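**Q** Structure provided below as structure tokens; questions to follow.
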Amino acid sequence: MTEKNRQPPGDLAIWIFICAELGVFAVFFAAYAFTRAQHVELFNRYQQTLNSNYALINTLALITSSYFVVRAVAAIRDDHQRSCARWLGAAIAMGGVFLVVKSMEYHHHFSAGVTLSTNTFYMFYLSLTFFHFMHVLMGMVILAAVALKARRGGYSASAYTGVETGASYWHMVDLVWIILFPLVYVMR
Amino acid sequence: MTTTRRNALVRPCTIIYLLLIGLTLLTWALGRFNDRIGLPVATLSMTVLGIALLKGQLIGDFFMGLRRVRGAWRWVVTLWLLLPASLIGYAFLSSY
């Protein structure tokens with residue numbers, strides 16, 4: 001039986017930050033859902049213009065990156081600094097896949113003349129997904145900093161709070177997308 | 001944070017990962033092929049929302065490591081999932 005901790009993994013400050021971020025996204029999601037309830041036909045019509053294949057690839061990329069981060073934490077717990085850095089590098093690469101696919105999606109819409117002011121659906125779609133996009137970017141920077149320190153031997157089996165802190169932030173980014181994907185691309 | 005077990009043939013976190021992948025494919029397929037499947041839209045929406053809750057809980061418990069935490073922090077992801085999901089569910093159900 002594993003002993004349970006009072007504190008979540010990583011620095012407690014990141015969890016307060018995570019709670020604040022999750023709160024903002026919760027408000028965003030609720031605003032989307034209640035606005036949609038007032039404009040069901042508009043939202044259903046323009047949701048059809050979104051490419052759910054891109055969204056699928058992006059969901060798979062983020063889940064895979066989260067899995068790689070879990071493996072990175074497992075590696076540092078075993079005192080394998082290089083392996084930890086490699087897993088984090090793989091997670092960052094999957095984050096890169098997400099950004100490239102999302103950029104392709106944006107390019108498609110912008111080429112068709114879509115902007116924030118096109119209609120209410122696109123206003124929510126663009127602002128919500130771009131806000132998340134920026135979080136992915138921020139997460140990649142955090143993971144890169146952690147990977148670099150791990151590669152230089154800055155973490156060990158007895159001191160890896162930094163790895164867990166970065167990992168917790170990255171899982172939060174994944175968690176938000178887990179709701180965003182069905183809400184924006186599938187539910188109608 | 002992780003669910004590693006040295007003597008296990010497959011790491012528990014790998015099983016969770018594969019489950020998450022499967023649930024993602026199921027969500028996508030339900031949206032993509034519902035014209036052929038023929039689920040009522042309310043059923044489709046509530047099903048994929050339920051799947052998202054399950055996926056979120058798996059990420060919180062196994063990837064974020066909260067199943068090994070006791071006290072208030074243990075439930076932070078669960079509470080977060082339930083809050084927007086209940087609002088989303090209410091808003092969608094009231095729109096049909």
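**Q** Could you check the range A:46-66 and list, in sequence order, the residues that are in contact (Cβ under 8 Å) with a residue 40 or more places away in the chain and under 16 Å from residue A:126 (Cα atoms)?
**A** Hits for the range A:46-66 are A:46, A:47, A:49, A:50, A:51, A:52, A:54, A:55, A:58.
**Q** Would you please name the residue that is least open to solvent (accessible area, probe 1.4 Å), looking only at residues in the range B:47-96 that are more than 7 Å from chain A (Cβ to nearest Cβ) and over 22 Å from residue A:63 (Cα atoms)?
**A** Looking at residues that are more than 7 Å from chain A (Cβ to nearest Cβ) and over 22 Å from residue A:63 (Cα atoms), I get B:89.
**Q** Please go through the range B:37-46 and pick out each residue that is open to solvent by 50 Å² or more (accessible area, probe 1.4 Å) and at the interface with chain A (Cβ under 8 Å from one of its Cβ atoms).
**A** If the condition is that a residue be open to solvent by 50 Å² or more (accessible area, probe 1.4 Å) and at the interface with chain A (Cβ under 8 Å from one of its Cβ atoms), then B:41 is the only one that fits.
**Q** All but one of (1) open to solvent by less than 50 Å² (accessible area, probe 1.4 Å); (2) within 30 Å of residue A:45 (Cα to Cα) hold for residue A:131; which doesn't?
**A** So the condition that residue A:131 fails would be (1).
**Q** Let me ask something else. State which residue is farthest from the other protein chains (Cβ to nearest Cβ) when the search covers only the range A:60-85 and only residues that are closer than 17 Å to residue B:65 by Cα and of a type in the set (Ser, Thr, Tyr).
**A** A:65
**Q** From (1) within 14 Å of chain B (Cβ to nearest Cβ); (2) of a type outside the set (Gly, Ala, Ser); (3) open to solvent by 10 Å² or more (accessible area, probe 1.4 Å); (4) touching a Ser or Thr at 6+ places or on another chain (Cβ under 7 Å), pick out the condition that doesn't hold for residue A:171.
**A** Single failed check for residue A:171: (3).
**Q** With the condition being closer than 24 Å to residue B:59 by Cα and of a type in the set (D, E, K, R), I'd like the helices (runs of 4 or more DSSP H) fully within the range A:40-129 carrying at least 1 qualifying residues.
**A** Result: A:52-77, A:81-111.
**Q** Same structure, new question: With the checklist (1) over 21 Å from residue A:48 (Cα atoms); (2) away from chain B (no Cβ under 13 Å); (3) of a type in the set (Val, Ile, Thr) in hand, flag the one item residue A:165 doesn't pass.
**A** Result: residue A:165 fails condition (2) only.
The values are calculated or read from the model by the stated rules, or taken from the named source; none is laboratory data. Predicted model only: the values in this text are computed from it and were never measured. Using ideal geometry, Cβ is built from the backbone for each residue, glycine included, and neighbour counts are taken over all protein chains shown. The accessibility values were calculated without ligands, DNA or RNA, using every heavy atom of the protein model including side chains. Shrake-Rupley method; radii C 1.70, N 1.55, O 1.52, S 1.80 Å.
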